[in-house]
Amino acid sequence: MTKITKTLVALGITASMVAPLAVFAQQGTLNANDLGVGAVGNTVKLGGADVRQTAANIINVALGFLGIIAVIIVLVGGFKYMIAGGDETKTKEARGWIISGIIGLAIILAGWAITSFVIGQLIEATTST
């Protein structure tokens with residue numbers, strides 16, 4: 001049984017490596033009709049911004065949403081702490097929520113700092129002045 005499984009896995013890996021060789025991209029130029037813009041009456045405007053800046057904006061929005069979630073976790077922990085009524089197990093659980101939220105915020109802020117630095121350096125290194 002294991003020999004058959006290993007053979008199938010090996011064939012699958014080989015097929016996934018060989019399959020792209022059989023696919024050829026379309027030759028020629030790409031226009032708005034190829035992207036389906038003509039189907040909606042040319043109302044779709046394609047962005048002309050730098051791809052690196054667009055990626056930075058997407059990362060910033062995603063980290064912003066994660067930051068909001070982390071703050072909500074801290075608020076839930078604070079609420080649970082307030083309604084614990086002195087019960088030691090409930091306060092311990094609430095402290096866990098608060099600590100988890102604070103750790104999440106620290107990770108999100110570190111991630112934001114790292115991505116801002118990396119994308120800033122990437123933009124600086126690849127733009128010609």
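The values are calculated or read from the model by the stated rules, or taken from the named source; none is laboratory data. Not measured: the values here are computed from a predicted model. All Cβ positions, glycine included, derive from the backbone under ideal geometry; neighbour counts span all protein chains shown.
Numbers for the structure displayed
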{"read-out": "Test for residue 98: is it assigned to a helix (DSSP H, G or I) and surrounded by 12 or more Cβ atoms within 10 Å (Cβ to Cβ)", "value": "yes"}
{"read-out": "Residue match in the range 80-95 (condition: of a type in the set (A, V, I, L, M, F, W, C), exposed (fewer than 14 other Cβ atoms within 10 Å of the Cβ) and more than 24 Å from the chain's Cα centre (by Cα))", "value": "yes"}
{"read-out": "Residue ID - nearest to residue 57 (Cα to Cα), chosen from residues in the range 73-129 that are without any contact (Cβ under 8 Å) to a residue 12 or more places away in the chain and charged (D, E, K, R)", "value": "124"}
{"read-out": "Of residues in the range 118-128 being under 15 Å from residue 54 (Cα atoms) and of a type in the set (A, V, I, L, M, F, W, C), the one modelled with the lowest pLDDT", "value": "123"}
{"read-out": "Check on residue 29, among the polar types (S, T, N, Q), at pLDDT 85 or above and not assigned by TED's automatic domain parsing to the domain that holds residue 120", "value": "no"}
